[in-house]
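Undergrad: Mind looking over this structure? Questions follow.
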Ligand code: MN9
C-alpha cells in the first residue's frame, strides 16, 4: 500500500480573519505535489485558538476546494466531549470529509478512564470510529498500546496519529493490529516511523515539503534507505532552522511566504517573526525548499 503523506494544514490569516484564497491556493498546490489527503484543524492549524464557527468554516472551504480528489480528516478535539461532538456532527455533514480525529481532552488532567470515555462517546454519538491523536509532548497524555487495545475492542478506532518518538509503542501497536492505519507525526523522524511500521504520515512541514516526504516514502518502499535518509536530512535542515527562531508556528507560515502563498502571522499570543528572523530563515531554507 502506498504510504500516505498528509499535510496538517496551517491556517492563513489576513487582518485577523481566515484568508480563504490562501487556503484554497495551498490545497491546490498540495494536490499538485501529490498529497494523499489533508488533516484539517489540528494543532498546526491553531484550531484550539479558533472559534468553533471558524473551525467549521475551514472544513467547508477545504472540502469545497478538494472536491473529493483526496481524503480529508478533521480534527475535532476539544476540552469537553459535547464541544467535540458539535464539531464532529458538522464535519460529517460536509461532503468529502473522510475521517474524524481528536487529541485527548486537555487542561483538567483528565484520568485515563475519562479520556477513554471521551473517545468511546465520540465514536458512539457520531456513529463513526475515531482517529486518536497521540501527542504526549503537547497534550501531556500518552495514548499507550493498552489504551489503543481498549478502543479496538470497542470498535471505536479507525486509525492513529502517532506524534511521539516512542517507536517501540508504535511497533507494538502495529504488531498487535497490522490493519490499523498508523500515521507517523514527527516529520523529522519519518523514516524511523516507517522502519517501525507506520503507514504514512500526517505532518505540519508537509505544507511546504510534501514532495520531499513523498520521495522519502518511495525510496523507503524500494529499499533505497541511504537515499531516503539523505532526503530526510535535507528536510531536517529546514526543520532545524524553524526551531531556531522564537515561534515555530510563525516560522512555518513564513515558509509559505517563500513559496509564494503568504499565510500571514499566527494568532495571538504567538509572536510574529522579526526581520532578522525572516532573513535567517530565508538564508537557511530557500534553496532547500526549491530542491
Ligand atoms: O504532529 C506536527 N506537530 C505540530 C504534527 O505541528 C505541533 C509535527 O508535524 C511537528 O510540527 C513537526 C516538527 O516537530 O514534526
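Values quoted throughout were computed directly from the atomic coordinates according to the rules given, and no laboratory measurement underlies them. Please read all numbers here as calculations on a predicted model, not as lab measurements. Backbone-built Cβ (ideal geometry, glycine too); neighbour counts: all protein chains shown.
Undergrad: Would you kindly state how much longer the chain becomes between residue 175 and residue 233 on full extension, computed as 0.36 nm times their sequence separation minus their alpha carbon distance, in nm to one decimal?
TA: Details: separation 58, 0.36 × 58 = 20.88 nm, distance 2.80 nm.
Length gained between residue 175 and residue 233: 18.1 nm.
Undergrad: Grab the beta carbon distance between residue 248 and residue 124, set R0 = 30 Å, and tell me the FRET efficiency rounded to 0.05. If you can, show how the numbers build up before the last one.
TA: Working: r = 36 Å, r/R0 = 1.20.
Approximately 0.25, to the nearest 0.05.
Undergrad: Separation between the residue 83 and residue 287 pseudo-spin-labels, each 7 Å from Cα along Cα→Cβ, expressed in nm?
TA: So the label points at residue 83 and residue 287 sit 4.6 nm apart.
Undergrad: How large is Rg/Rh for the stretch 135-182, to two decimals, with Cα atoms and a Kirkwood Rh? Let's see the in-between values first.
TA: Details: Rg = 10.3 Å, Rh = 11.0 Å.
Reported Rg/Rh (Cα atoms, Kirkwood Rh): 0.93.
Undergrad: Given the stretch 180-291, what whole percent of its Cα pairs are spread farther than 25 Å? Present the calculation step by step, with values, prior to reporting the outcome.
TA: Numbers: 1549 of 6216 pairs.
The answer is 25 percent, as a whole percent.
Undergrad: Report the label-to-label distance for residue 276 and residue 226 in nanometres (one decimal), using points 7 Å from each Cα along the Cα→Cβ vector.
TA: Using points 7 Å along Cα→Cβ, the separation is 4.2 nm.
Undergrad: Residue 111 to residue 168: FRET efficiency via 1/(1 + (r/R0)^6), r the Cβ-Cβ distance, R0 22 Å, to the nearest 0.05? Intermediate results must be reported in sequence, preceding the final value.
TA: Working: r = 24 Å, r/R0 = 1.11.
E(calc), rounded to 0.05, equals 0.35.
Undergrad: Can you tell me, using C-alpha contacts under 8 Å and at least 6 residues apart, the relative contact order of the stretch 27-136 as a whole percent?
TA: RCO, the stretch 27-136: 24 percent.
Undergrad: What percent do you get for the relative contact order of the chain when only Cα pairs under 8 Å and 6+ apart count?
TA: Details: 495 pairs, mean separation 53.5, N = 291.
Once normalised by length, the contact order is 18 percent.
Undergrad: Equivalent ellipsoid semi-axes for the stretch 5-129, as square roots of 5 times the alpha carbon gyration tensor eigenvalues: give them largest first, rounded to whole Å.
TA: On the way: eigenvalues 128, 51, 30 Å².
Equivalent ellipsoid of the stretch 5-129: 25, 16, 12 Å, largest first.
Undergrad: May I ask for log10 I(q)/I(0) of the stretch 72-142 at q = 0.19, 0.25, 0.26 Å⁻¹, from a Debye sum over the Cα atoms as equal point scatterers with solvent left out?
TA: Cα-only, vacuum Debye calculation for the stretch 72-142: -0.68, -1.13, -1.20.
Undergrad: Give me the number: length gained by fully extending residue 52 to residue 155, i.e. 0.36 nm times residue separation minus the C-alpha to C-alpha distance, one decimal in nm.
TA: Details: separation 103, 0.36 × 103 = 37.08 nm, distance 2.78 nm.
Gain on extension, residue 52 to residue 155, equals 34.3 nm.
Undergrad: Still on this model: Could you state the orientation-averaged shadow area of the convex hull built on the Cα atoms of the chain, in nm² to one decimal?
TA: Details: hull surface 56.1 nm².
Projected over every direction and averaged, the Cα hull of the chain covers 14.0 nm².
Undergrad: If you take the beta carbon distance between residue 258 and residue 138 as r and set R0 to 30 Å, what does 1/(1 + (r/R0)^6) give as a FRET efficiency, to the nearest 0.05?
TA: Details: r = 26 Å, r/R0 = 0.86.
According to the calculation, E is roughly 0.70.
Undergrad: With a cut-off of 8 Å between alpha carbons and a minimum separation of six or more residues, what is the relative contact order of the stretch 80-141 in percent? Mind showing how you got there, number by number?
TA: Working: 49 pairs, mean separation 26.0, N = 62.
Here the relative contact order equals 42 percent.
Undergrad: Taking the Cα centre of each part, how many Å lie between the stretch 251-286 and the stretch 187-235?
TA: 24 Å
Undergrad: Specify, per residue and in Å³, the volume enclosed by the convex hull of the alpha carbon atoms belonging to the stretch 60-187. Before the final figure, lay out the partial values.
TA: On the way: hull volume 14.3 nm³, N = 128.
Given the Cα convex hull of the stretch 60-187, per-residue volume reads 112 Å³.
Undergrad: Here's another thing I want to ask about it. Could you state the orientation-averaged shadow area of the convex hull built on the Cα atoms of the stretch 1-75, in nm² to one decimal? Write out the running numbers ahead of the final one.
TA: Values: hull surface 19.3 nm².
Computed as one quarter of the Cα hull surface, the answer is 4.8 nm².
Undergrad: Once you have the Cα-Cα distance between residue 218 and residue 14, take 0.36 nm times their residue separation minus that, and quote the gain in nm to one decimal. Kindly include the intermediate steps, with their values, before the conclusion.
TA: Working: separation 204, 0.36 × 204 = 73.44 nm, distance 3.66 nm.
Net length gain for the segment: 69.8 nm.
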